[in-house]
Every structure is written in structure tokens, then in C-alpha cells.
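Peer 1: Got a structure here, written out as C-alpha cells. Questions coming.
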Amino acid sequence: MTASNRSTPLTRAESDLLQTLSARWTMHILLALHSSEGSGRFSEIQEAVSGISNRMLSSRLAGLESNGLVSRDVTATRPVTITYRLTSLGRQVASALVALLRRSAG
């Protein structure tokens, strides 16, 4: 069933996910993680998504994490190492984005 044929309104979780995906920079972050084999550290993601501020990247990563697209792995090293990884759902969404971009490129 397509969204236009849907007889019930979106659930809160579906609405939150769509809002997160439509936010500026979100798709860039997903594509950056996808191109780095599904994971990356904050600085690596920021380097791959040129023009995004620390605050915005932090906010978008938190949204992606709360919607189950990205997981945050903390390793107790000195200094602490934080790695962001695409979840299964995140990989599916990023793969769909890549397919759409390839299709639009002709």
C-alpha cells in the first residue's frame, strides 16, 4: 500500500522518522556514513559533509539515533572514542538514497 492509498494517519514514529529524514543535512550524513562502509567518527562525518557545524551535526546524529537509523558506540579509551554506525534500517535507507541518486544521474 502506498502512502497515498493509506486509510490511517501516520503513527507518531512514522511521522518522526519522516521529519528526521526531511531535515537539512540528514541525507548527507546518511550518505557519508554509507560511503565510509557504514561507520565513522564525528570528525570524519563532519569532514565528509562540508559546511555542517558541530552543533548541527550533533543534533542530526541524535535525531538519527533516536529514530533507529544510527547507533552510537562509545569505547572507553583515552580519549573516549565515539563511533557512529548505520543500523540495519539506516543501511536500507542509505542504500535507497544511493539508488535514487544513481537513477537521477541517468
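Peer 1: In degrees from 0 to 90, rounded to the nearest 10, what is the angle of the helix 54-66 Cα long axis to the longest principal axis of the chain?
Peer 2: So the inclination is approximately 60 degrees.
Peer 1: Once both labels are modelled 7 Å past Cα along the beta-carbon direction, what's the Glu65-Ala96 spacing in nm?
Peer 2: 2.4 nm
Peer 1: Here is a further query. Which far-off residues, 5 or more places away or on another chain, put their amide H under 5 Å from the one on Thr87, with H placed in the peptide plane?
Peer 2: It is Val70, Ser71, by chain and number.
Peer 1: For an R0 of 22 angstrom, estimate the FRET efficiency from the Cβ-Cβ distance between Glu44 and Val80 and round to the nearest 0.05. Don't skip to the answer; put the middle values down first.
Peer 2: Details: r = 16 Å, r/R0 = 0.71.
In this case the efficiency is close to 0.90.
Peer 1: Using modelled backbone amide H atoms (1.01 Å from N, in-plane), which distant-in-sequence or interchain residues come within less than 5 Å of Trp25's amide H?
Peer 2: none
Peer 1: Shifting gears a bit: If you take Rg and Dmax of the Cα atoms in Å from the coordinates, which of (i) 20.8, 62; (ii) 17.2, 57; (iii) 15.0, 53 do you get?
Peer 2: Label of the calculated value: (iii).
Peer 1: Still on this structure, please answer the following. Per DSSP helix of 4 or more residues, -39500 (n - 2.57); summed, then divided by the residues of the chain. What does that give at 222 nm, rounded to the nearest 500? Mind showing how you got there, number by number?
Peer 2: Details: 5 runs with 59 residues, N = 106.
So the helix-based figure for the chain works out to -17000 deg cm²/dmol.
Peer 1: Separate question: I'd like the FRET efficiency for Arg72 and Ala105, computed as 1/(1 + (r/R0)^6) with the beta carbon distance as r and R0 of 41 Å, rounded to 0.05. Let's see the in-between values first.
Peer 2: Details: r = 32 Å, r/R0 = 0.78.
FRET efficiency, Arg72 to Ala105: 0.80.
Bear in mind these aren't lab numbers, they're just calculated from the coordinates by the rules spelled out. What you see is a predicted model; the values in this text were computed from it and never measured. Every residue, glycine as well, gets a Cβ built from its backbone with ideal geometry; the counts of neighbours run over all protein chains shown.
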